[in-house]
Amino acid sequence: MIPQPHNPLALQPHAQPRSVTVLGATGSIGASTAKLLALHRGSFRVEALTAYDNVASLVEQAKLLGARRAVIGNEAHYMELKSALAGTSIEAAAGADAVIEAARMPSDIVIAGIVGAAGLMPTLAAIQRGATVALANKECLVCAGSLMMEEVKRHNATLLPVDSEHSAIFQVFDFERPETIEKIILTASGGPFRTFTREQMKNVTPEQAVRHPNWSMGAKISIDSATMMNKALEIIEASHLFPLPHEQIEVLVHPESIIHSMVSYVDGSVLAQLGTPDMCTPIAYALAWPARIASPSAKLDFTTLKSLTFEASDTKRFPALRLAREVLAAGGNASVVFNAANEIAVARFLRKEIAFLDIVAIIEKTLADVANSPLRRIEDVIEADTQSRVVAENTHV
Ligand code: NDP
Ligand code: MG
């Protein structure tokens, strides 16, 4: 369940400092989180930081933030991590289970910043101990959505969206009166190929595709923005986070990325959250919720904002948006297949094995080739994910 913000006047100050675990500390979300933790040293204590391969950056961050434990997902790096931490009091651990264990260790807040379905089990472990989870890792909610939301309820965990659109909606959504909401408007920058024809998209390179016009992000989500799979995943993410059917979740292209999303009410009021495109703002919001803390992101200067523009989204040029609705209508394991096929197709595109337009074509073909089946347990998610990856890896279009 998404928590209701309490009456701020009745708020008890947080026990200080609050302890934080960062899953995916070496990534783009991890780096923004580290900036905030360094800025608010007295207010937060770092319990554990995790990464997969990047030992050097993990060690640097662990030392800088005084973490109690540093965990590297790739077991092969254990000795390197251990020797880099020699002479410090920081504990070293390695392997996929150690990442899950780090999420399970007591801490007030867990930042779920791992990329892809690889973040599913660690995020779930944090939820199952009733933690406050600041969720950036949208893929795990896309895959395990209903099961994950049930676990949030069962374990009385708190799930706070970090994805900028969902953080924006969370800030203006009246959870007590959802019937007064006409629709959610998810804004989308349109990515680097917003104005391209399909013909022009045919030969774009990974280097062009990762160059996002407004946001600085990891490679995978940058490609997702270029195909608009990111927005497709975000429609599914929103459908789990907010009590509205997907027909009431609209996508609006807003190239300046200043309005991070909006909620439209039945009386004609539209509430929006605005800010410069910097993930420090939604991360700061989740770290301090329901209070607020300062963030290093640049402040909006309305006098220099030339214009805010909007365009309808185009499902013909960006069929990922159409597929998201089909996936939601199909239910069962379709969202797992959708996500897994995308992860594989993006990796193949980054390795220059396939062309840009093949990414979504492979996803569509994988959806057609993997049989739909219900998701009753988390094992069903893992099975569908594994199977879809094999199919997508061997799909040619
Ligand atoms: P990055 O690729 O920059 O970072 C990914 C992080 O996950 C790294 O710390 C990486 O470790 C770690 N990681 C990768 N694979 C594994 C694995 N198998 N097991 C454990 N850890 C792993 O990604 P981003 O920070 O850009 O994105 C993270 C998540 O946040 C994604 O789900 C993305 O969609 C979401 N998000 C990101 C935004 C952004 O601005 N970047 C905005 C909104 C949402 P290592 O460095 O060692 O490889
Ligand atoms: Mg987003």
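Computed values, structure above
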read-out: Principal axis dimensions, largest first and in whole angstrom, of the chain by Cα; value: 57, 51, 44
read-out: The chain, accessible surface, carbon-and-sulfur percent (1.4 angstrom probe); value: 54
read-out: Expected-Rg normalisation [2.2 N^0.38 Å, Cα atoms] applied to region 192-274; value: 1.26
read-out: Relative contact order, percent, region 246-383 [alpha-carbon distance under 8 Å, six or more residues apart]; value: 19
read-out: Highest-fluctuation residue, N54, N203, N333 considered, GNM on the chain with Cα pairs under 10 Å; value: N203
read-out: Largest to smallest accessible area among I354, I221 [probe 1.4 Å]; value: I221, I354
read-out: Cα gyration tensor category, rounded, prolate or oblate, for region 233-273 with a/c compared to 1.5; value: oblate
read-out: Residue-averaged 222 nm ellipticity for the chain, from DSSP H runs of 4+ at -39500 (n - 2.57), nearest 500; value: -12500 deg cm²/dmol
read-out: Net lengthening on full extension, E393/Y265 (0.36 nm per residue, minus Cα-Cα); value: 41.7 nm
read-out: Relative contact order, percent, the chain [alpha-carbon distance under 8 Å, six or more residues apart]; value: 14
read-out: Percent antiparallel among DSSP beta bridges (both partners in the chain, rounded to 5); value: 25
read-out: Filter on K63/K231; K202/K231; K231/K365; K35/K138; K231/K352; K82/K138 - keep pairs with C-alpha separation over 27 Å; value: K63/K231; K82/K138
read-out: Sites matching trypsin sites (Lys or Arg not before Pro) across region 135-229 that sit in DSSP coil, with at most 16 neighbouring C-beta atoms within 10 Å; value: K202, R211
read-out: Values of log10 I(q)/I(0), in the order q = 0.18 Å⁻¹, for region 214-333 under a Debye, Cα-only, solvent-free model; value: -1.23
read-out: Within the chain, longest stretch free of exposed GluC sites (Glu not before Pro) [DSSP loop, at most 12 other beta carbons within 10 Å]; value: 177-352
read-out: Rounded if a/c under 1.5, otherwise prolate or oblate - region 31-120, Cα gyration tensor axes; value: oblate
read-out: J(HN,Hα) series, region 303-319, from Karplus relation 6.51 cos²θ - 1.76 cosθ + 1.60, nearest Hz, glycine and proline x; value: 6, 9, 6, 6, 7, 10, 10, 9, 9, 5, 6, 10, 6, 6, 6, 10, x
read-out: H246 accessible area, 1.4 Å probe, all protein chains in place, Å² to nearest 10; value: 30
read-out: Relative contact order for region 8-162, counting Cα pairs under 8 Å that sit 6 or more residues apart, in percent; value: 20
read-out: Equivalent-ellipsoid semi-axes of region 8-162, from the Cα gyration tensor, Å, largest first; value: 24, 19, 12
read-out: H396, H166, H240, reordered so the largest accessible area comes first (probe 1.4 Å); value: H396, H240, H166
read-out: Accessible area per residue in Å² at 1.4 Å probe, computed on the chain; value: 42
read-out: Assigned charges on the beta-carbon of Lys, Arg, Asp, Glu; region 8-162 dipole about Cα centre (debye); value: 480
read-out: Protein-only accessible surface order, largest first, of M149, M228 at 1.4 Å; value: M149, M228
read-out: ³J(HN,Hα) computed for each position of region 334-345 - Karplus, 6.51 cos²θ - 1.76 cosθ + 1.60, integer Hz, glycine/proline x; value: 4, 6, 5, 4, 4, 5, 5, 4, 5, 4, 5, 5
read-out: Stretchable slack from K299 to Q200, in nm (0.36 nm times residue separation minus alpha-carbon distance); value: 32.1 nm
read-out: Accessible area of S257 in the full protein assembly, 1.4 Å probe (Å², nearest 10); value: 10
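The values are calculated or read from the model by the stated rules, or taken from the named source; none is laboratory data. Note that this is a predicted model, so its numbers are computed, not measured. Because the Cβ atoms are built from the backbone with ideal geometry, glycine has one as well, and the counts that use them run over all protein chains shown. Just so you know, the surface numbers come from the protein's heavy atoms only, side chains and all, with ligands and any DNA or RNA stripped out. Shrake-Rupley method; radii C 1.70, N 1.55, O 1.52, S 1.80 Å.
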